[in-house]
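Asker: I have a structure here, written as structure tokens, and I will follow up with some questions on it.
We did not get these values from a lab; they are worked out from the coordinates using the rules stated. These numbers come from a predicted model, not from an experiment. Glycine also receives a Cβ, built like all others from the backbone with ideal geometry; neighbour counts cover every protein chain displayed.
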Amino acid sequence: MTKSKLQITEFNCESGEQIVRDATTEEIAQMEIDSANAKAIKAESDAKAAQRQVILDRLGLTTEEAAILLS
Amino acid sequence: MSNPTSNFGWQMPEPTDLVTDLPADFEVFGQAVDTDFADLNGGTTGQLLSKTSATDLDFTWVTPNAGDITGVTAGTGISGGGTSGDVTVTNSMATAFTTSGDLIQATGSGTFARLGTGTNGQYLTTNGTTNSWGSISAGGMTVLASGSITNTTLSITSIDQTYTNLFLYLNMTSGGAGAYGVDIRLNANSNSIYSNCRLALVNGSAPVAASSLESAFRVQSDFFAAASSFQLTMNIYQYTNTDPRKIVDYNSIGLDQSYSAPLVTNATGQFANTSAITSIQTVGSLTGSYILYGVK
């Protein structure tokens with residue numbers, strides 16, 4: 001399967017022109033870093049959510065009940 | 001010649017009168033004249049003849065009152081005047097008006113000058129001393145960039161540096177492809193210099209209430225889900241300032257892909273960098289329209 005190229009829509013305020021161009025190597029690298037960071041943050045969030053659920057299960061509380069206790 | 005005389009009705013001798021009657025006739029005539037002009041008798045030096053009644057030849061010698069006015073001097077705002085004869089005075093301020101719309105303004109104590117009307121749309125302004133017509137410099141918001149994008153990231157570059165603030169509006173029909181949401185970067189700077197305090201809500205509950213230093217202003221990425229649509233408004237204040245504390249506030253609302261939960265972000269942030277902001281980037285692919293305004 002051919003991977004589609006990442007593209008950027010760029011509007012140059014000086015020329016007033018909008019172009020769609022392929023992302024540069026540096027931009028692609030940054031996107032990969034951003035994606036990796038997002039995945040890491042999501043994994044951390046998911047882990048916290050799982051921990052939270054374990055605790056709630058141990059206490060026998062629903063998420064809504066826990067929210068009421070913390071509100 | 002009429003007889004009696006046409007104006008005064010004095011009886012003169014008739015052509016058929018006997019010569020011997022002439023002395024008596026002249027006596028009648030003379031006496032009539034004498035009687036009618038009796039009022040002209042008398043008087044003294046400087047007196048004037050004044051009508052006593054509307055009756056013909058009814059006069060009285062009168063002494064005129066001494067005149068109070070010996071001259072008319074044109075004061076401030078008045079021209080003309082004089083000390084004899086007919087005197088004309090003119091309101092100089094009135095004659096300074098020459099054209100419809102003219103105004104008169106003081107040029108000093110007791111002096112004035114015409115100020116012709118301005119051109120269409122001008123307003124009366126002042127430099128603190130003198131009034132003049134001036135145009136109001138265009139304020140408000142000016143579109144610096146606008147357009148539509150389809151499933152790409154957005155980069156707005158070469159931003160005009162002559163405005164005070166920037167206002168970014170995104171109206172996206174989808175945002176955040178895959179599991180990644182949408183963030184905003186300035187000057188394509190990916191360093192952890194984006195300080196922001198934000199509250200991100202999903203359907204009223206708060207998955208994130210964060211105050212952190214990150215590599216972008218987080219708009220929708222807290223939700224770890226692509227939005228089916230979202231709108232963003234972002235103010236970037238004093239964006240040309242080289243002070244390393246540029247304040248930003250932004251609000252966004254979207255819907256998750258099941259169209260069941262509103263995704264809301266309210267945040268105040270700071271871009272901790274001395275560079276003036278010349279470009280804005282989205283992090284995450286978007287589809288929809290954008291407008292960037294320069295705000296005076």
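Asker: With label points built 7 Å along Cα→Cβ from the Cα atoms of residue B:132 and residue B:245, find their separation and express it in nm.
Answerer: Between residue B:132 and residue B:245, the label points sit 4.0 nm apart.
Asker: Next question. Sort B:51-58, A:27-34 by the packing proxy (mean of other Cβ within 10 Å over each peptide's residues), most packed first. Don't skip to the answer; put the middle values down first.
Answerer: Details: B:51-58: 10.5, A:27-34: 15.4.
So the order, starting with the most tightly packed, is A:27-34, B:51-58.
Asker: Taking the Cα centroid of the range B:57-116 and of the range B:242-284, what is the distance between the two, rounded to the nearest whole Å?
Answerer: 72 Å
Asker: Taking the Cα centre of each part, how many Å lie between the range B:117-159 and the range B:9-49?
Answerer: Centre-to-centre (Cα) distance: 97 Å.
Asker: Can you tell which of A:61, A:30, A:49 lies farthest toward the positive end of the dipole of chain A, using +1 and -1 charges on the Cβ of basic and acidic side chains (Lys, Arg; Asp, Glu)?
Answerer: Ranked along the dipole, the leading option is A:61.
Asker: In addition: Working from Cα positions, state the angle (0 to 90°, nearest 10) between the long axis of helix B:22-36 and the longest principal axis of chain B.
Answerer: Orientation of helix B:22-36: about 30 degrees from the principal axis.
Asker: Moving to a separate point now. Given the options A:26, A:17, A:44, which has the most mean-square fluctuation in a GNM of chain A, springs set between C-alpha atoms less than 10 angstrom apart?
Answerer: Comparing A:26, A:17, A:44 in the GNM, the peak value goes to A:17.
Asker: Ok, one more. Amide H to amide H under 5 Å from residue B:145: which residues, 5+ apart in sequence or cross-chain, H placed 1.01 Å off N in plane?
Answerer: Amide H to amide H, under 5 Å and 5 or more residues apart or across chains, residue B:145 pairs with B:292.
Asker: A follow-up question, please. Take peptide B:153-162, look around each residue's Cβ out to 10 angstrom, count Cβ atoms belonging to other protein chains, and average those counts. Write down the numbers at each step before the final one.
Answerer: On the way: counts 9, 5, 9, 6, 6, 7, 4, 2, 1, 0.
What the average comes to for B:153-162 is 5.
Asker: What span do the alpha-carbon atoms of the range A:7-70 cover on each of the three principal axes, reported in whole Å from largest to smallest?
Answerer: 62, 23, 13
Asker: Moving to a separate point now. What order, most packed first, do the peptides B:159-166, B:249-256 have when packing is the mean number of other Cβ atoms within 10 Å of each residue?
Answerer: Ranked by mean Cβ neighbours within 10 Å, highest first: B:249-256, B:159-166.
Asker: Could the peptides B:30-42, B:145-157 be put in order, highest first, of the mean number of other beta-carbon atoms found within 10 Å of their residues?
Answerer: On the way: B:30-42: 12.0, B:145-157: 19.2.
Per-residue mean Cβ counts within 10 Å order the peptides as B:145-157, B:30-42.
Asker: Turning to a different aspect of this structure: Per-residue Cβ counts within 10 Å, from other chains only, averaged over A:28-39: what number is that? Intermediate results must be reported in sequence, preceding the final value.
Answerer: Values: counts 0, 1, 6, 5, 0, 2, 10, 5, 0, 7, 11, 4.
Counting other chains' Cβ atoms within 10 Å and averaging over A:28-39 gives 4.
Asker: Across peptide A:44-51, how many C-beta atoms of other chains are within 10 Å of each residue C-beta, on average?
Answerer: Numbers: counts 0, 4, 1, 0, 0, 1, 0, 0.
Averaged over the peptide's residues, the number is 1.
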